[in-house]
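Sending over a structure as structure tokens; questions will come in a sec.
The values are calculated or read from the model by the stated rules, or taken from the named source; none is laboratory data. As the structure is a computational prediction, the values presented were derived from the model and not from experiment. We place every Cβ from the backbone using ideal geometry, glycine too, and count neighbours over all the protein chains shown. For the accessible areas, the whole protein counts, side chains as well, though only heavy atoms, and no ligand, DNA or RNA atoms are used. Shrake-Rupley method; radii C 1.70, N 1.55, O 1.52, S 1.80 Å.
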Amino acid sequence: MNDELWDVVIIGGGPAGLTAGLYAARANLRALLIEKLLPGGELLNTDLIEDYPGFVSVTGRELAEKMEEHARKFGLKIETNVATKIEREDGEFVTRTEWGPDFRSKTVIMTAGGVPRKLEVPGEEEFAGRGVSYCAVCDGPLFKDKVLTVVGGGDSAFQEGLYLTRHASKVYIIHRRDEFRAQPILQDKARENEKIEFITSAVVDEIGGSRTVESINVRSLKDSSVTQMPMDGVFIFIGFTPNSGLYTEHLEHDEQGFLVTNDRMETRIPGLYAAGDVRTQLARQITTAVGDATTAAVAAEQYIEDQAFKAARAGV
């Protein structure tokens, strides 16, 4: 156990975590951010961002670097580690980590996001990293002049599909419904791109190949017919499962596992906050993550002040 007592421990270094760290550190709170990889989260897997205010166009990596630099400037400490559990001991939070040490804090802000959902079909696990991918920016350049499939119908599927057209000769976007959930502007861009073709009311039932992906089986949801299509790669963007199970006690969540908070981003446990993609909300955008995190950090600061005032009145 690290005997140092932090004002706030932030779990997850994406846009929400870095924003929470910025606001907490700028308020002169002793703030620690725990991130298992590089700060930036999903920003590092995003090529081009065109909907973040103040930036007509910016790469995900550039925005992540600017956010990290800004937060560190005000004194945010960043620990490379994996948070495994949050417990409550003697009125303080204890964040357990995979590689040690554990960290004590007055408050915790959970900004751990989630992990990509899988199709759970034959061949997906077998060909992961050998033609099956969940990150177009990471793996797209490996598929120069290849035929690719994107599975999904939301913003991520369309953004990644458009990015893949820079490298692939053909990109199919397969969606189980007739209509897409992506923003209209993204749908318009995709429809105008000659490399993209849509297959709707259909699902990928199987991914086949030998050493790498060579084909997919596509099943129509209208007549149950199955078509085998030659394919070089499959990129899956069907949402993600939130990392919402860190706290040892039950926290209120929706049917998909996203945490429920009040308007201060506080869970049912005083001093324990959730922000960004781990929290249930209508839109999951960089802007909403940043807004959530701002509120959470300000609420944490007020909580710490209130607790100190109560302790002083009680003569503790």
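Residues checked against (1) touching a Gly at 6+ places or on another chain (Cβ under 6 Å); (2) basic (Lys, Arg); (3) loosely packed, with under 15 Cβ neighbours inside 10 Å:
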site	(1), (2), (3)
168	no, no, no
173	yes, no, no
178	no, no, yes
188	no, no, yes
191	no, yes, yes
194	no, no, yes
197	no, no, yes
207	yes, no, no
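Then there's this: If residue 84 satisfies all but one of (1) touching an Asp or Glu at 6+ places or on another chain (Cβ under 7 Å); (2) surrounded by 20 or more Cβ atoms within 10 Å (Cβ to Cβ), what's the number of the condition it fails?
It is condition (2) that residue 84 fails.
Where the second residue is open to solvent by 30 Å² or more (accessible area, probe 1.4 Å) and among the basic types (Lys, Arg) and the first is part of a loop (DSSP other than H, G, I, E, B) and lies in region 153-166, which pairs have Cβ atoms under 9 Å and are six or more apart or on separate chains?
If the second residue must be open to solvent by 30 Å² or more (accessible area, probe 1.4 Å) and among the basic types (Lys, Arg), the pairs left are 153/176; 153/177; 153/181; 154/181; 165/195.
State which residue pairs qualify: first residue farther than 20 Å from residue 171 by Cβ and inside region 209-223, second residue open to solvent by 30 Å² or more (accessible area, probe 1.4 Å) and assigned to a loop (DSSP other than H, G, I, E, B) in any location, beta carbons under 7 Å apart, and separation of 6 or more residues or different chains.
211/130; 221/176
Turning to a different aspect of this structure: Can you name the condition, by its number, that residue 106 falls short on among (1) within 21 Å of residue 9 (Cβ to Cβ); (2) open to solvent by less than 70 Å² (accessible area, probe 1.4 Å)?
(2)
State which residue pairs qualify: first residue under 30 Å from residue 157 (Cβ atoms) and inside region 240-251, second residue assigned to a loop (DSSP other than H, G, I, E, B) and of a type in the set (D, E, K, R) in any location, beta carbons under 7 Å apart, and separation of 6 or more residues or different chains.
240/117; 241/117; 251/268
Let me ask something additional. Look at residue 223 and say whether it is within 23 Å of residue 51 (Cα to Cα) and open to solvent by 60 Å² or more (accessible area, probe 1.4 Å).
Spelling it out, it is not the case that residue 223 is within 23 Å of residue 51 (Cα to Cα) and open to solvent by 60 Å² or more (accessible area, probe 1.4 Å).
Separate question: When only residues in region 123-165 that are at pLDDT 95 or above, among the hydrophobic types (A, V, I, L, M, F, W, C) and open to solvent by 20 Å² or more (accessible area, probe 1.4 Å) count, which is nearest to residue 51 (Cα to Cα)?
162
Residues of region 44-88 being in a helix (DSSP H, G or I) and of a type in the set (Asp, Glu), which ones?
62, 65, 68, 69
Mind listing just one residue for me: the one in region 276-316 that is part of a loop (DSSP other than H, G, I, E, B), within 25 Å of residue 90 (Cα to Cα) and among the hydrophobic types (A, V, I, L, M, F, W, C) and, of those, most open to solvent (accessible area, probe 1.4 Å)?
Once the filter is applied, the top-ranked residue is 316.
Filtering region 23-43 down to residues that are without any contact (Cβ under 8 Å) to a residue 60 or more places away in the chain and within 13 Å of residue 65 (Cα to Cα), which residue is most open to solvent (accessible area, probe 1.4 Å)?
In this case the residue turns out to be 38.
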